[in-house]
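First the structure, in the form of structure tokens, and then the observations on it.
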Amino acid sequence: MIIELLLGAGLVTLGVVAVRALRREEGEPGAKREQPPGTGADSQANGDQKDWRHIRVGGPRGLRVDDVLLYADDELWLAGEIHLDEEGFVMSLFRTPGSPRSGWLAQLDPEGRDLAVLSVTDDVPGGAVPTELPFDGLRLALRKRGHAEVRVAGDQLPPVTERARYALLGGPGGRTLVVVDFEGGDRLALGGERVARELLDLLPGGEAR
């Protein structure tokens, strides 16, 4: 009889210990739980609204408005963005005012590895963009075209509409031509050349924005 009572008490004790351990893992009411950086009342009170899940430390990342890139001896400030989406990323066109080399930077892949420095050009004839087009003494071929939804961020951008037709052409030496026809609006034609991502340095402060 005594042995059975001792065994029963031991089982009850083990059950209590297990329940307490489980509650510690799940967090008891009123218990202080560790929070990711950039969340919590203190952070929000200081105006820090960054979503910690989207802050990357190192590795590839897409470009963002207000980033500043060093290209040779030129600083490219990304003042505004025209983003094209067609059931997925198409491209982002960043306005780079004040740059003597170009007025635009195109991001042609989501990670920001395929880039091109571009300037406004009048060398594109009116009407539909053909599959081949002479540009800068070379013949460029159509890489892709389609209809995309348009989103914008930042400022110093030309007038846009909610949808647009786009065409991307490429050729020798990384020559690149981007033509965007905003539905019910104007045409934006940008010509230039691709540039290796390694030749552009993201200046300190861009990752924290």
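Quick look at the values:
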| quantity | calculated |
| --- | --- |
| Checking Phe182 against (1) closer than 25 Å to Ala72 by Cβ; (2) in contact with a Pro (Cβ under 8 Å, 6 or more places away or on another chain), the condition it does not meet | (1) |
| Which listed residue, of Gly205, Gly185, is at pLDDT 95 or above and of a type in the set (Gly, Ala, Ser) | Gly185 |
| Selection count where residues are in a loop (DSSP other than H, G, I, E, B) and of a type in the set (Asp, Glu), scope region 104-115 | 2 |
| Residues satisfying the stated conditions in region 140-176, i.e. polar (S, T, N, Q) and over 15 Å from Leu105 (Cα atoms) | Thr161 |
| Candidates Arg139, Arg113, Arg101, filtered to the one that is at pLDDT 95 or above and more than 19 Å from Arg187 (Cα to Cα) | Arg139 |
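The values are calculated or read from the model by the stated rules, or taken from the named source; none is laboratory data. This is a predicted model, so every value here is computed, not measured. Don't worry about glycine lacking a Cβ; one is built from the backbone with ideal geometry, like all the others, and counts go over all protein chains shown.
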